[in-house]
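Here is the structure we will look at.
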Amino acid sequence: MSKILVIEDEAAIRRVLVKILSEENDAYSVEEAEDGLKGIETIKSNDYDLVLCDIKMPKMDGVEVLEAARKIKPEIPFIMISGHGDLDTAVNTMRLGAFDYISKPPDLNRLLTTVRNALDRKVLVVENKKLKKKVSKNYEMIGESNEISTIKGMIEKVAPTDARVLITGSNGTGKELVAHWIHEKSGRSSAAFIEVNCAAIPSELIESELFGHVKGAFTSAVKDRAGKFEAANKGTIFLDEIGDMSLSAQAKVLRALQESKISRVGTDKDIKVDVRVIAATNKDLKKEIEEGNFREDLYHRLAVILIQVPSLNDRRDDIPLLIEHFSKKICEEQGMATKTFSDGAVKLLKAYDWTGNIRELRNVVERLIILGGQNVSEDDVKLFASK
């Protein structure tokens, strides 16, 4: 049931609004407050799906109520109620975050349509928040070691800026997690995060993938197609394994960084893009530069901030936390009761040489959960996690 609060100092109008909403839909539970102060007190102690708020009221006007409510519970949509002389103020309240406004006396159809739209928007906002939390949970950085704490501190400083970041580290260390965290903690978090695995795309297709193409640019180009840079406009593009990118594609990426412009394959027409670039590699790019495989000017453009992700062998103190995290997550995915790991099992796993890093650890934990006992023992590890 949708819970609606009506804040209106004129008793007659308040009663009309409550009556209209209550009679229109049995799914609406409507409460009322006779002034702004009472309205804020009510909002603090209750959860509402929608607030209808008059603009001109004694003690506290509607603009003040809106501003105060957005600090307390910013997800609640507000519909402002305006008299004829309040229209300019009503429009300004939308800049402050109000969903919409209705004029006095309220038109029945306009009122009900606006209420339905505001409630639909609230549902969408809540669902998006839940989805964002779910996505964030998938990209948690687990660990309390000095190495991970240092990286988390760097992310807190770097994320709010638009500085380009180059993430280095061996395969399986979690470079993509760092990239996701930077994006989610940035001012671009509501826009797209586009991931491109440069090593997985054939060199002859990488330019089309990144910058798009026009119809007829090559044999299979049967229609115009936007590239990843356009898809990431206002957001972030993550160029994973950038050390495997062809030199010709590197030149175009360099231009995109220098001029904030790209052009699709097959045309010289410029397209403006506003994209934050985060890159990652498991290669030594300075060595690649010496061997002529990577452009030095592109390296300096990308490596404004350098983040080195340590191997799992360099952060063994995090292994117990990672085992616990993976165990819980895998059991949830498999629909199994959560399994535990004995101290002996954890000690053995801490001592292993993790050449495949966190990715390898996760696979081993999954194997032990499926094949081991309810409490994974030292014997289970010796039997099923042999290296």
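Readers should treat all values here as calculations from the given coordinates under stated rules, not as data from a laboratory. Please read these numbers as outputs of a predicted model, since none were measured by experiment. Cβ sites come from the backbone with ideal geometry, for glycine too, and all protein chains shown count toward neighbours.
Shown in residue order for region 231-245 are the 3J(HN,Hα) couplings computed by the Karplus curve 6.51 cos²θ - 1.76 cosθ + 1.60 at θ = phi - 60°: 5, 8, 3, 6, x, 10, 10, 10, 9, 7, 6, 5, x, 9, 6 Hz (x for Gly and Pro).
Taking the longest Cα principal axis of the chain as reference, the axis of helix 11-24 is set at about 60 degrees.
Mean residue ellipticity at 222 nm, helices only, the chain: -14500 deg cm²/dmol; runs of at least 4 DSSP H residues each add -39,500 (n - 2.57), and the sum is divided by the number of residues. Estimated at 0.36 nm per residue, the fully extended path between E259 and L321 surpasses their Cα-Cα distance by 17.9 nm. Each of A337 and R70 was given a label point 7 Å from its Cα along the Cα-to-Cβ line. The distance between the two points is 5.1 nm. Length available on full extension from A303 to A192: 0.36 nm per residue minus the Cα-Cα distance, which gives 37.8 nm. Applied to region 351-361, the Karplus parametrisation 6.51 cos²θ - 1.76 cosθ + 1.60 on θ = phi - 60° returns per-residue 3J(HN,Hα) values of 8, 5, 8, 8, 5, x, 6, 5, 4, 5, 4 Hz, with x for Gly and Pro. Taking 26 Å as the straight-line reach from the Cα of K261, the lysines in range (excluding those fewer than 8 positions away in the same chain) are K185, K215, K223, K228, K234, K252, K269, K272. Computed from Cα atoms, the angle from the helix 319-334 axis to the main principal axis of the chain rounds to 60 degrees. Here region 157-274 was treated as a single set of alpha-carbon atoms; its pair distances binned every 10 Å from 0 give 13, 43, 34, 10, 0 percent. Less than 5 angstrom separates the built amide H of D270 from none of the residues sequence-distant by 5 or more or on a different chain. Compared with the dominant principal axis of the Cα atoms in the chain, helix 247-259 is inclined by about 30°. Note on K382: aspartates and glutamates with a C-alpha under 20 Å away, same-chain residues under 8 apart excluded, are E324, D343, D353, E360, E366. Dividing the Cα radius of gyration of region 2-135 by its Kirkwood radius returns 0.95 for Rg/Rh.
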